[in-house]
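Note sheet for the following structure.
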Amino acid sequence: MVTIQDYFNSGIIDIALLLSLALNKSHAQLITHYDYQPNNEEKTQLNQLIKQRQSGTPFAYLSGTKGFYHLNFKVTPSTLIPRPETELLIDIVLDLFDENQTYEILDLGTGSGIIAVTISDKNPQWRLTATDFSMDALNIARQNAKTNINFQLGSWFKATPNQTFDLIISNPPYIKQGDPHLNDLGFEPQSALVSGKNGLDDIRTIIDNAPQHLNKKGYLLLEHGFDQQQEIMWLLSHDFFKIKKFKDYNQQNRAILAQIKES
Ligand SMILES: C[S@@+](CC[C@H](N)C(=O)[O-])C[C@H]1O[C@@H](n2cnc3c(N)ncnc32)[C@H](O)[C@@H]1O
């Protein structure tokens, strides 16, 4: 007979999380019921989950959810799994704008919707638009929305013709083609991760086109790779000023905020 304690002692990767999922019990319930023997149905379910996890499927795709900031988000293999680094963008926006004013804010490449949904949940009076070129991702983002967000399908600014914003935010794909880190990210959509030879193709497109979609004194906020800051500063210097750089919680360069120059 196999008990919860036997599973805990097995050393299987993420076994506590997998037990929680298969038995639909909290961690506290598991550790206070160490002697419980999962029935056959529960064991079959658990063994399937263990196999998938051991073959590399990220836990978030097994549970179908991932926490980000103060909320829980539905995720599927069509969406990138939210990363804690991206919470930095939320902090920057909440610091930047006055909570009593109204702003038009665009989240380009919204994926599961984490940026737009979190900002809108914190400040429902700000008007959020969120885009993606993946219809599947946009459908998940729609399901994650808790407030009224304007979702639009299309490649970068083709999704927002003739619209202008006070702030454009993006966590675009920024990994180089062939980067060895991609070996560990094979379960996530490559179109959410990879951006040309030096990882900057999408960032360049966004920087080049953002000025036509920004209101006077508008801002552009980008997440980027730890080694891309210098090049992005240079790309921004033509149309933007008051450039501010930010490090993530691991002290890696991770985000850049810039204001459109006055014409
Ligand atoms: C790094 S993921 C970020 C997703 C989400 N914003 C987050 O922070 O978790 C990049 C997103 O950009 C989208 N994307 C990639 N190329 C795009 C394009 N040309 N136009 C619009 N969205 C694009 C991908 O589908 C993906 O959802």
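The values are calculated or read from the model by the stated rules, or taken from the named source; none is laboratory data. This one's a predicted model, so the numbers in the text were calculated from it and none came from an experiment. A quick note on method: Cβ atoms are made from the backbone with ideal geometry, for glycine too, and the neighbour counts reach across all protein chains shown.
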For this session: Evaluate the range 156-179: report whether one residue or more is in contact with a Phe, Trp or Tyr (Cβ under 7 Å, 6 or more places away or on another chain) and either aliphatic (A, V, I, L, M) or at pLDDT below 95 (or both).
Result: yes
For this session: With a cut-off of at least 2 residues that are among the basic types (Lys, Arg), name the helices (runs of 4 or more DSSP H) lying wholly within the range 16-107.
Result: 40-54
Exercise. Pick from 183, 209: which is surrounded by fewer than 17 Cβ atoms within 10 Å (Cβ to Cβ), within 13 Å of the ligand (Cβ to nearest atom) and either over 16 Å from the mean Cα position of the chain (by Cα) or in the same structural domain as residue 73 (by TED's automatic domain parsing) (or both)?
Worked result: 209
Problem set entry | Residues (more than 9 Å from the ligand (Cβ to nearest atom), in contact with a strand residue (DSSP E or B) (Cβ under 7 Å, 6 or more places away or on another chain) and not polar (S, T, N, Q)) located in the range 154-174 | 165, 166, 167, 168
Seminar exercise, completed: Checked the range 74-112 for anything more than 12 Å from the ligand (Cβ to nearest atom) and in contact with a Gly (Cβ under 8 Å, 6 or more places away or on another chain); matches are 74
Problem set entry | Which numbered condition residue 151 misses (of (1) in a loop (DSSP other than H, G, I, E, B); (2) surrounded by fewer than 22 Cβ atoms within 10 Å (Cβ to Cβ)) | (1)
For this session: Could you tell me whether residue 87 is of a type in the set (Asp, Glu) and closer than 30 Å to residue 126 by Cα?
Result: yes
Exercise. On the phi > 0 side of the Ramachandran plot and at pLDDT 95 or above: does that describe residue 61?
Worked result: no
For this session: Would you be able to tell me the number of residues in the range 102-121 that are surrounded by fewer than 20 Cβ atoms within 10 Å (Cβ to Cβ) and more than 19 Å from residue 74 (Cβ to Cβ)?
Result: 2
Exercise. Hey, residue 107 hits all of (1) over 16 Å from the mean Cα position of the chain (by Cα); (2) closer than 19 Å to residue 213 by Cβ but one; which does it fall short on?
Worked result: (1)
Exercise. Would you pick out the residues in the range 113-137 that are more than 15 Å from the chain's Cα centre (by Cα), within 20 Å of residue 102 (Cα to Cα) and either within 13 Å of the ligand (Cβ to nearest atom) or of a type in the set (Val, Ile, Thr) (or both)?
Worked result: 128, 129
Seminar exercise, completed: Only unsatisfied item for residue 72, checking (1) of a type outside the set (A, V, I, L, M, F, W, C); (2) surrounded by 14 or more Cβ atoms within 10 Å (Cβ to Cβ); (3) under 23 Å from the mean Cα position of the chain (by Cα), is (2)
Exercise. Give me the pairs: first residue in the range 99-128 and closer than 19 Å to residue 154 by Cβ and modelled with pLDDT of 95 or more, second residue part of a loop (DSSP other than H, G, I, E, B) and within 8 Å of the ligand (Cβ to nearest atom), beta-carbon distance under 6 Å, and six or more apart or on different chains, which are they?
Worked result: 109/172; 111/79; 111/80; 112/79; 116/110
For this session: Please verify whether the range 224-234 includes one or more residues that are buried (at least 17 other Cβ atoms within 10 Å of the Cβ), aromatic (Phe, Trp, Tyr), on the phi < 0 side of the Ramachandran plot and modelled with pLDDT of 95 or more.
Result: no
